[in-house]
Amino acid sequence: MIQKEQGLTEMIISGERVKQARELKGWTQAVLARAVGVSQAAIAQIESGAFMASDELVAEIAKSTGQPLQFFQQDPAPEFPVGSLLFRSHASLTKKDLAVTYRHAQRAYELWMRLREGLTPPSIKIPRLSVNPSEAAANVRKLLGIPANDPVPHLLNLLEWHGLVAVIVPDIKTRDAFSLWFNGLPIMALSSGRPGDRARMNVAHELGHLVLHAGKSRFEIDDSEADDFAAEFLMPETAMRREIKMPVTISSLAAIKPRWRVSIQALVYRCKELGIITDRQYRYLFEQISAMGWRRSEPVHIAVEQPRALRQMAEMRFGDPLDYATLSHETAIDADTLREILADYAGKSPAPVVASNIVSLSRKQR
């Protein structure tokens, strides 16, 4: 039976939306309760749907969490599993970090779905394969139109062009990315604030999960398969054997880094993996990298690739520059929050970096 606060009017809200707003802030029920001046038990009852909050309390919850009142009057957001976030060792991922990451990805996905209404998205050409990682990488390169031994161009835009839903989540120190298939869509959530070369490797790794591990639980897969896929996808064996000259030095690898747009460390590891260098040479090269302080930040910087589709859809529907007031009303997301979200997505580029730097979106014919 739903309880009510005596003598006060109530608006109908979704308890799940209250929980979503709270977890987007990284708050416990107790923290939200203190912020709005009620008990933790009251928040728990509101979130479970057992207690109908007064208009005044809903207004306080909205103010504290930074959400418009309209946000709480919506149906619950679509729920999807956390995908490859659970494929990796996750002992270091706190319950709070997991909830925050999930909620930001969920909100971005819901925004993506709303903006897609009335538009025709690109066809999904990212396959699901039951072959070994190296063979899968070669097959995906061919499907995406990448020559067998050439560097991969702007990877995120290329994948969006072929149907990937790419969303950005706030920087989570213990994780870089996760991916999943949901309602027939390949979805990839990427942590902000990563160097360009590391981010590209993360994208290729998650692409490996999408291609190799669709429908599998974290108990059924070996995460190293996604590593093997990423290595062959970004640094094909034939190309590496042709391009890496002996003797292998930090300087020689730094010279080819801008062309392949991967880290020097990734190139060193690939050389060891392919038997181009010995274990002893591998250790020596990494000792040099460590001595120069390059383990976290290398001297040759690769530009960070940003996804484009989400912002492009917003521009197609709400103008360029964006009409944030109308966009906010249509999506039930605060205008300032929308600005923060869309800042992580690329604007128009004056020159294409792949077949097209603009994702293939068009208005549906009526």
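The values are calculated or read from the model by the stated rules, or taken from the named source; none is laboratory data. These figures come from a predicted structure and were not determined experimentally. Reconstructed Cβ throughout: ideal geometry from the backbone, glycine too, with neighbour counts over all protein chains shown. Accessible surface is based on the protein model in full, side chains and every heavy atom, while ligands, DNA and RNA are left aside. Shrake-Rupley method; radii C 1.70, N 1.55, O 1.52, S 1.80 Å.
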- request: Only one of these is under 22 Å from residue 193 (Cα atoms) and among the charged types (D, E, K, R): 305, 273. Name it.
  value: 305
- line: Picking from 249, 238, the residue that is within 17 Å of residue 141 (Cβ to Cβ), surrounded by fewer than 15 Cβ atoms within 10 Å (Cβ to Cβ) and among the polar types (S, T, N, Q) would be 238
field: Failed item, numbered, when residue 29 is tested on (1) under 22 Å from residue 95 (Cα atoms); (2) modelled with pLDDT under 95
entry: (2)
Of residues in region 252-288 being β-branched (Val, Ile, Thr) and more than 29 Å from the chain's Cα centre (by Cα), the one least open to solvent (accessible area, probe 1.4 Å): 277
- request: Report yes if some residue within region 78-90 is surrounded by fewer than 17 Cβ atoms within 10 Å (Cβ to Cβ), over 27 Å from the mean Cα position of the chain (by Cα), at pLDDT 85 or above and assigned to a loop (DSSP other than H, G, I, E, B); otherwise report no.
  value: no
task: Assess whether residue 126 counts as being modelled with pLDDT of 95 or more, open to solvent by less than 20 Å² (accessible area, probe 1.4 Å), closer than 24 Å to residue 34 by Cβ and not aromatic (Phe, Trp, Tyr).
output: no
field: Which numbered condition residue 134 misses (of (1) buried (at least 17 other Cβ atoms within 10 Å of the Cβ); (2) at pLDDT 95 or above; (3) of a type in the set (Gly, Ala, Ser))
entry: (1)
- prompt: Considering region 143-185 alone, what residues qualify as being closer than 23 Å to residue 235 by Cβ, part of a loop (DSSP other than H, G, I, E, B) and touching a Pro at 6+ places or on another chain (Cβ under 8 Å)?
  reply: 146, 148, 149, 162, 164
